[in-house]
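Below: one structure, written as structure tokens.
The values are calculated or read from the model by the stated rules, or taken from the named source; none is laboratory data. Fair warning: this is a prediction, and the values are worked out from it, not measured in the lab. Note: ideal-geometry Cβ built from the backbone for every residue, glycine included; neighbour counts use all protein chains shown.
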Amino acid sequence: MRRGVLVLALVLSEGVCRAQGRPCDPPTPLGPSHDLYCIELVAAPGVRGVSGRLELSSPPGPFTVAVTADGHSRFIPIVFLSGLPRTTHDAPRTDVVYIAWATTPQMDSLIKLGEVKNGSVTLRAIEFDKFNILISSERSARVREPRGRIILRGQSPSTRPFPPDLLEFSLGAAGSTGAMDHGEHERSGWPMVPTPPGVTMLPSEMALRPEVTPFLPAADVPLPNAESNEVIRARDGDLIDLDAELVRRTINGQTFTMYSYNGEYPGPLIEVAAGSEIMVRFKNHLADSTSIHWHGIRLENAFDGVDGVTDEFTYKLKFPDAGIFWYHPHIREDIQQALGLYGNILVREPGAQVPANREAILMLQDLLVGDGGLIPFGLESPTHALMGRFGNVVLVNGEPSYRLSVRRGEVVRFYLTNVSNTRTLNLSFPGARMKLVATDAGPFAHEAWIESVVIAPAERYVVDVQFDRTGEFALLNKVIGLDHLFGRFFPMVDTLGIASVSPQRVSRDLSKAFAALRRRPPPFAAASSYLNRPPDHTLVLTLQTHGLPFVTERLMQLDSIYFAPVEWGGTMPMMNWASTGRQVRWVLKDPATGHENMDIAWQFHRGEPAKIRLVNERRAFHGMQHPIHMHGQRFLVLAVNGVPNEDLAWKDTVLVPAGAVVDILLDTANPGEWMLHCHIAEHLSAGMMMHFTVD
């Protein structure tokens, strides 16, 4: 992140963004969450007439959630103060300075945020998971630790979860039916669901199980083993074949029956030129209806792949945009996508040169596996309907241990696609420099150096990485999990693969091209004029539940005191697993009409950009992030919690953090009837979708 640009953007945009609503503005139902992103500063005993607030601002950048490469949340604090006197009783004859500090609750780490005064001041970034805010009066701005009197203090929202001794009565009231042993789970039709290491579960939680029929695919005849995916280089006018069929997959020594396209896992990589048109003849050999949705491609409405196919269908695909796209089913994708129905589409700009020594196309997925095999799915309704199905085995291109051999100095262009049902990833190559180039449907106007890539389900990012030293570089997913019962944060690290760098120097040295950050014309020059306009439509993301077990309702009420901006890992596995689409209804709500989900019928005029505000409701039973996807269209992310986005690129999926407000600008260039939905597969299967029309 360019620190100078970041601070300047915050300062210059403050007046513009005020009309859009910031976290420390008076709370409104359609604004960002006051209690998640604003800290009320309390005067110390004996201090009178002084008050303040501190906004935990979203740093402007390419991602809607800012974290470090290690997964710690990053906020830019903006402090608003009034009533600070020029002198105090301990310095009655000289002007005092006021310094803001951030410290961990244990006071074992302290950072100086900067000098503050009456009015608003933007301070240096905070990268603690839990922290206290202190404002002290000092004789000099050069102090390195608080020496004077503490004037104001506050606590981050993340400090609100309490340890179990303070919750003993409440947890006891939930009751305990005793934990099932492994045999009891098997007799119920459900195997034991794995629990993340270090996460504590109550006996009453361990007794929970979904009230639906377990489902896994099976075959009466021997199945072929899945093969590695091929590359289909399609030319304008070509006809290609895709077949959905059963295969055998062996992962970490366990063999499963899974789904595939053309017997491959992932499905074939389709490579085409922008502006071309092809036909795809699709045959379904599965027992259930399925479909192919061509994710991110602005194609004709009739071929969007929403309706199910029981036998055969031919799709006609046009590719107006260069970029990395993908295809997957839109019928019970919580099952079918998780079992292997997905593949990439690489659309190249004719004549364009890639400034890299090689390209690597990675599809990232997590799979939920128990001791006896895959954890079954719900037949009549999805399991894991509350938080989505988090897996415990991370796959790259269908394999658990990705390997890449490169020469020293080599620049690799990685095309990243997150095809997980639920999991948002925070990817990095520690020790190697990373440059962000493009996202879902096109390049960024400004390339940028990044520490890590935050990639939600269905999102794509293109990054260039140079490996300039000999050795092994791990591709890591490093996030911070929240143990909801004990209110503690803990690191969660997955190694997705290894890049081995040989001592031999690459023959074609691209260091100079890699070191340059390219600038391109803005994707839509008039985007800034929409920042201060009211939205044309607003959509509230919320949740309704009924019939959940008492222990789930009670523990979730306790959990609601704090929601992390992103639920990075499945740290409430039993309650989540046992919640089904019969008990959980995820909701898209139009506050202007009161209509919900498929009763919403927005209409847009072709060629007239529309500003849409996405409000992730804080008061929901369980607030969590939602990757919102729009079919057949593209959009720009204008602002997050009122902070303008300085890194514009065309997208079709955006991650909306818990309690946050994201403004997007929709390019209504493609006529037809389309869908908007959450791309957490279980949320979609639990109702979180709507339709809109571009006439």
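Residues considered: Glu608, Glu673, Glu682. Of these, the only one that is more than 22 Å from Trp568 (Cβ to Cβ) and in contact with a strand residue (DSSP E or B) (Cβ under 9 Å, 6 or more places away or on another chain) is Glu673.
Scanning region 393-425 for residues that are surrounded by 20 or more Cβ atoms within 10 Å (Cβ to Cβ), more than 24 Å from Ile628 (Cβ to Cβ) and among the aromatic types (Phe, Trp, Tyr) turns up just one, Phe414. Residues that are charged (D, E, K, R) and at pLDDT 95 or above within region 23-53 comprise Glu40, Arg53, listed in sequence order.
Of all residues in region 64-86, those that are under 20 Å from Tyr461 (Cβ atoms) have Cβ atoms under 6 Å from Cβ atoms of residues that are polar (S, T, N, Q), 6 or more apart or on another chain, in Val67/Ser73; Val67/Asn426; Ala69/Ser428; Ala69/Ser452; Gly71/Asn426; Arg74/Thr68. Counting only strands (runs of 3 or more DSSP E) wholly contained in region 231-292, the ones carrying 2 or more residues that are surrounded by 16 or more Cβ atoms within 10 Å (Cβ to Cβ) and over 29 Å from the mean Cα position of the chain (by Cα) occupy 239-251, 277-284. Looking at region 400-432 only, could you name the residues that are more than 20 Å from the chain's Cα centre (by Cα), part of a strand (DSSP E or B) and free of Cβ contacts under 8 Å to residues at least 60 places away in the same chain? If the condition is that a residue be more than 20 Å from the chain's Cα centre (by Cα), part of a strand (DSSP E or B) and free of Cβ contacts under 8 Å to residues at least 60 places away in the same chain, then Arg413 is the only one that fits. Only one of the numbered conditions (1) within 29 Å of Asn397 (Cβ to Cβ); (2) of a type in the set (A, V, I, L, M, F, W, C); (3) at pLDDT below 95 is violated by Met180, and that is (1).
Take Glu646 and decide whether it is buried (at least 24 other Cβ atoms within 10 Å of the Cβ) and of a type in the set (D, E, K, R). Here the answer is no, as Glu646 does not meet what is asked. Would you check if Gln504 is out of contact with any Asp or Glu (no Cβ under 6 Å at 6 or more places or on another chain) and under 30 Å from Asn477 (Cβ atoms)? It is true that Gln504 is out of contact with any Asp or Glu (no Cβ under 6 Å at 6 or more places or on another chain) and under 30 Å from Asn477 (Cβ atoms). Please indicate, with yes or no, whether at least one residue in region 599-607 is of a type in the set (Val, Ile, Thr) and under 24 Å from Arg634 (Cβ atoms). Looking through region 599-607, at least one residue is of a type in the set (Val, Ile, Thr) and under 24 Å from Arg634 (Cβ atoms). In region 386-393, the condition of being at positive phi and either without any contact (Cβ under 8 Å) to a residue 40 or more places away in the chain or in a strand (DSSP E or B) (or both) is met by no residue.
Every residue, every condition in (1) in contact (Cβ under 8 Å) with a residue 24 or more places away in the chain; (2) outside the structural domain of Glu567 (by TED's automatic domain parsing); (3) in a loop (DSSP other than H, G, I, E, B); (4) surrounded by 14 or more Cβ atoms within 10 Å (Cβ to Cβ), yes or no:
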site	(1), (2), (3), (4)
Tyr461	yes, yes, no, yes
Arg469	yes, yes, yes, no
Phe473	yes, yes, no, yes
Asn477	yes, yes, no, yes
Leu485	yes, yes, yes, yes
Val493	no, yes, no, no
Ile498	yes, yes, no, yes
Pro522	yes, yes, yes, yes
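Listed here are the residues, each with its yes/no results for (1) touching a Phe, Trp or Tyr at 6+ places or on another chain (Cβ under 9 Å); (2) in contact (Cβ under 8 Å) with a residue 60 or more places away in the chain; (3) in a loop (DSSP other than H, G, I, E, B).
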site: Trp586; (1), (2), (3): no, yes, no
site: Pro591; (1), (2), (3): no, yes, yes
site: Arg606; (1), (2), (3): no, yes, yes
site: Val615; (1), (2), (3): no, yes, no
site: Met624; (1), (2), (3): yes, yes, yes
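A single member of Thr314, Thr290, Thr257 is β-branched (Val, Ile, Thr), in the same structural domain as Gly343 (by TED's automatic domain parsing) and over 28 Å from Leu374 (Cβ atoms), and it is Thr314. The single residue among Arg554, Arg582 that is in contact (Cβ under 8 Å) with a residue 60 or more places away in the chain, over 16 Å from His537 (Cα atoms) and in contact with a helix residue (DSSP H, G or I) (Cβ under 8 Å, 6 or more places away or on another chain) turns out to be Arg554.
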